[in-house]
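K.L.:
To start, I am sharing the structure in question, which I have written as structure tokens.
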Amino acid sequence: MNATIFYYTGTGNSLWVARRVADELGGAELFSISECDDEKKTVSSEIIGLVFPVHIWGVPAPVVRFAHRLRESRPDYVFAIAVNAGQVSNTLVQLKKIMAENRLNLSAGFEVAMPSNYIPWGGPGTQEKQHKCFELAEEKISRIAVRIKEKANMPVEKGPLWQRILFTGFYNMSFSHVPKMDKKFWVDDKCNACGICYKVCPVGNITMREGKPVWNHRCEQCFACLQWCPQEAIQYGKKTPEYERYHHPEVLLKDMLKSR
Ligand SMILES: Cc1cc2nc3c(=O)[nH]c(=O)nc-3n(C[C@H](O)[C@H](O)[C@H](O)COP(=O)(O)O)c2cc1C
């Protein structure tokens with residue numbers, strides 16, 4: 001199948017989903033949205049997919065920017081997968097509207113639940129819970145691939161009405177504040193100046209000063225810096241020293257660095 005999948009990811013869940021979809025389709029080219037952020041990327045594939053995490057009940061800013069630029073490509077069929085931790089809310093409706101503004105049709109939008117990487121609210125859950133999540137995700141991805149192969153035109157998946165009303169409000173209120181939310185990051189004594197946080201940041205928000213990371217208020221809140229820190233030295237607010245770190249077990253640091 002002539003398909004191209006663009007993914008955005010903080011901790012590998014969306015990359016893993018993108019890879020699994022590509023396998024099910026019998027192959028697809030995979031590109032990181034972070035890599036394409038500055039360039040005008042046009043693609044000639046008949047099928048284009050966007051796979052990305054839900055952030056604050058909506059579409060993360062790098063994906064919003066990318067979706068606006070897709071109009072140059074004029075694909076035949078566009079699908080999206082919003083990878084989330086149980087609350088997809090209005091994300092895919094929002095993306096469909098962005099596409100429509102650019103005279104593109106989002107033909108299908110699916111949600112896939114994966115372990116949470118939003119560490120301020122706690123860790124990803126027990127290993128058992130995570131594995132159950134991966135199993136269910138595998139099953140869902142197989143069903144999604146069938147619909148993509150058919151080039152199905154279908155309503156996008158969405159959360160319950162109360163969630164969409166309430167949380168779309170939160171998304172809209174917080175959207176412009178996200179870049180400065182990095183004020184809560186700090187680094188503890190375990191930091192050994194390895195610089196992985198700086199390398200893994202998808203938007204180049206981190207610089208190293210006197211061997212320590214400094215966040216420069218262009219943050220996208222993906223939590224890659226904190227979650228991939230091998231020393232677990234990066235903290236956010238007061239509670240994260242107690243919480244378990246997470247990244248998808250089949251996604252390695254080198255996969256992340258390649259896509260930055
Ligand atoms: C800043 C932030 C906000 C998030 N907001 C939501 C949300 O609104 N709903 C939800 O279900 N999951 C939310 N999550 C969880 C992620 O969407 C989920 O863990 C996803 O699988 C992470 O994918 P990634 O590893 O590709 O980054 C949020 C995560 C982060 C870091």
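The values are calculated or read from the model by the stated rules, or taken from the named source; none is laboratory data. Quick caveat: nothing in here was measured; it's all calculated off a predicted structure. Please note: Cβ atoms are built from the backbone with ideal geometry, for glycine as well, and neighbour counts cover all protein chains shown. Remember, those area values only see protein heavy atoms, side chains included, never the ligands or the DNA or RNA. Shrake-Rupley method; radii C 1.70, N 1.55, O 1.52, S 1.80 Å.
K.L.:
Roughly what percent of Cα-Cα pairs across the range 138-218 reach past 21 Å?
P.N.:
The calculated P(r) of the range 138-218 puts 59 percent of pairs beyond 21 Å.
K.L.:
In whole percent, how big is the carbon plus sulfur part of the accessible area of the chain, probe 1.4 Å, protein atoms only?
P.N.:
Carbon plus sulfur share of accessible area: 53 percent.
K.L.:
I would also like to ask the following. Measure out, as a whole number of angstrom, how far apart the alpha-carbon centroids of the range 1-68 and the range 69-104 sit.
P.N.:
11 Å
K.L.:
What FRET efficiency comes out for the pair Arg74/Val146, r = Cβ-Cβ distance, R0 = 30 Å, nearest 0.05?
P.N.:
0.75
K.L.:
Give the shape of the range 1-92 as rounded, prolate or oblate, defined through the alpha-carbon gyration tensor: a ≥ b ≥ c are the square roots of its eigenvalues, a/c under 1.5 means rounded, and otherwise the shape is prolate if a/b is larger than b/c and oblate if not.
P.N.:
Oblate, since a/c reaches 1.5 and b/c is not below a/b.
K.L.:
To the nearest 20 debye, what is the magnitude of the charge dipole of the range 179-258 about its Cα centre, counting +1 on the Cβ of each Lys and Arg and -1 on the Cβ of each Asp and Glu?
P.N.:
Charge dipole, the range 179-258, about its Cα centre: 300 debye, nearest 20.
K.L.:
At a temperature of 10 °C and a viscosity of 1.306 mPa s, determine how fast the range 179-258 diffuses translationally according to Stokes-Einstein, using the Kirkwood radius over alpha-carbon pairs as Rh; express D in µm²/s, rounded to the nearest whole number.
P.N.:
On the way: Rh = 12.7 Å.
Reported coefficient: 125 µm²/s.
K.L.:
Another question about this same structure. Which Cys residues of the chain have no other Cys beta carbon under 4.7 Å away?
P.N.:
Cys36, Cys133, Cys191, Cys194, Cys201, Cys219, Cys222, Cys229
K.L.:
Follow-up question, since we're still on this one. What FRET efficiency, computed as 1/(1 + (r/R0)^6) with R0 = 25 Å and r the Cβ-Cβ distance, is obtained for Trp121 and Leu257, rounded to the nearest 0.05?
P.N.:
Once rounded, the FRET efficiency stands at 0.40.
K.L.:
For the range 80-141, state which trypsin sites (Lys or Arg not before Pro) are in a DSSP loop and have at most 13 other beta carbons lying within 10 Å of their beta carbon.
P.N.:
Here the trypsin sites (Lys or Arg not before Pro) that fit, given the DSSP loop and packing criteria, are Arg103.
K.L.:
Leaving ligands, DNA and RNA out of it, rank Lys212, Lys158 by accessible area with a 1.4 Å probe, largest first.
P.N.:
Solvent-accessible surface, decreasing: Lys158, Lys212.
K.L.:
Have a look at Ser89, His55, Trp121 and report the one farthest towards the positive end of the charge dipole of the range 3-168, computed about the Cα centre with Cβ charges (Lys/Arg +1, Asp/Glu -1).
P.N.:
Highest projection toward the positive end goes to Ser89.
K.L.:
May I pose another question? Can you work out the Karplus-derived ³J(HN,Hα) for every residue in the range 107-120? Use 6.51 cos²θ - 1.76 cosθ + 1.60 with θ = phi - 60°, whole Hz, and x for glycine or proline.
P.N.:
6, 7, x, 10, 10, 10, 8, 9, x, 6, 10, 7, 5, x
K.L.:
With the cut-off at 28 Å, report for the chain the share of all Cα pairs above it, as a whole percent. Please report the intermediate quantities before stating the final value.
P.N.:
Numbers: 10413 of 33670 pairs.
When every Cα pair of the chain is considered, 31 percent fall beyond 28 Å.
K.L.:
About its Cα centre, what dipole magnitude does the chain give when the only charges are +1 on Lys and Arg Cβ and -1 on Asp and Glu Cβ, stated in debye to the nearest 20?
P.N.:
Values: 34 positive and 28 negative charges, 135 e Å.
Using Cβ point charges on Lys, Arg, Asp and Glu, the chain gives about 640 debye.
K.L.:
Okay, which of the range 78-92 sit inside 11 Å, backbone N to the point 7 Å along the Cα-Cβ direction of Asn105?
P.N.:
Answer for the range 78-92: 78.
K.L.:
While we're on this one: Shape call for the range 41-117 from the C-alpha gyration tensor, a ≥ b ≥ c root eigenvalues: rounded (a/c under 1.5), prolate (a/b greater than b/c) or oblate?
P.N.:
prolate
K.L.:
My understanding is that a pair violates if its Cα-Cα distance is over 32 Å; which of Lys96/Lys190; Lys212/Lys239; Lys97/Lys149; Lys129/Lys190 do that in this structure? Each step should come with its number before you reach the end.
P.N.:
Details: Lys96/Lys190 44 Å; Lys212/Lys239 21 Å; Lys97/Lys149 24 Å; Lys129/Lys190 29 Å.
In this structure, Lys96/Lys190 exceed 32 Å between Cα atoms.
K.L.:
Sticking with this structure for a sec: Kindly report the accessible area of the chain per residue (heavy atoms of protein chains, probe 1.4 Å, no ligands, DNA or RNA), in Å².
P.N.:
Numbers: 12170 Å² over 260 residues.
I get 47 Å² per residue for this part.
K.L.:
Can you return the aspartates and glutamates within cross-link range of Lys180? Criterion is Cα-Cα under 13 Å, with same-chain partners fewer than 8 residues away left out.
P.N.:
Counting by Cα, and skipping residues close in sequence, Lys180 has these aspartates and glutamates nearby: Glu220.
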